Each structure stands twice: as structure tokens, then as C-alpha cells.
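**Student:** Can you read through this structure? Questions will come right after.
The values are calculated or read from the model by the stated rules, or taken from the named source; none is laboratory data. Worth saying up front: this structure is predicted, and the values here are computed from it rather than measured. FYI the Cβ positions are ideal-geometry reconstructions off the backbone, even for glycines, and counts take in every protein chain you see. Side chains included, ligands, DNA and RNA excluded: accessible areas come from the protein's heavy atoms. Shrake-Rupley method; radii C 1.70, N 1.55, O 1.52, S 1.80 Å.
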Amino acid sequence: IQVGEFLGDNDRINKEVMYAYVDQMDFQGKDFVPALRMFLEGFRLPGEAQKIDRLMEKFAARYLECNQG
């Protein structure tokens, strides 16, 4: 199984692992594009749009959490 496919799945355990994975990333002070590259270098995006959406929503939330203001 590919990492991106696993992380993007909607099952509870998959979401917990994905949240733990993203929450350990530090995007503080990073511009958006370098932060996105950092996020995507650890896995390949899955093919399913809903899975990509879940991953990108969590990335966006974490990015904003790290760069408030």
C-alpha cells in the first residue's frame, strides 16, 4: 500500500496517523510553496480526489496553525 493512499483514507486509524504525521511538521516562517513541498516530499498524493482533499485540508490547517497572523 502506498503511504499517500493510506494517509488519505477516511478510516479512523488512517486519519489519526495522518493527523499525527502532519502535526509533527513545523511550517513556521515558511512561505506557502516551500511548506507545501516539504509536506509532499514524504509521500505521493493518492489518485482519489476525496483523499487528496483530506490531506490538503489538514495541511492547510497545520500551515495556518504554524503561521498565525
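**Student:** Taking the stretch 48-69, which residues are open to solvent by 70 Å² or more (accessible area, probe 1.4 Å) and either within 21 Å of Glu5 (Cα to Cα) or not in a helix (DSSP H, G or I) (or both)?
**Tutor:** Correct list: Glu48, Ala49, Gln50, Asp53, Glu57, Gln68, Gly69.
**Student:** To continue, here is another question. Report yes if some residue within the stretch 16-23 is open to solvent by 40 Å² or more (accessible area, probe 1.4 Å), within 23 Å of Gln2 (Cα to Cα), touching a residue at least 24 places away in the same chain (Cβ under 8 Å) and among the aliphatic types (A, V, I, L, M); otherwise report no.
**Tutor:** no
**Student:** Given the criteria of a type in the set (Gly, Ala, Ser), free of Cβ contacts under 8 Å to residues at least 60 places away in the same chain and open to solvent by less than 40 Å² (accessible area, probe 1.4 Å), does Ala35 qualify?
**Tutor:** Here the answer is yes, as Ala35 does meet what is asked.
**Student:** Here is a follow-up. Among the residues of the stretch 26-44, which ones are in contact with a helix residue (DSSP H, G or I) (Cβ under 6 Å, 6 or more places away or on another chain) and either more than 12 Å from Lys58 (Cβ to Cβ) or not in a helix (DSSP H, G or I) (or both)?
**Tutor:** Passing the criteria: Phe27, Gln28, Ala35, Phe43, Arg44.
**Student:** Testing Ile13 on (1) open to solvent by 70 Å² or more (accessible area, probe 1.4 Å); (2) over 24 Å from Asn67 (Cβ atoms); (3) outside any helix (DSSP H, G or I), one condition comes back false. Which one is that?
**Tutor:** (3)
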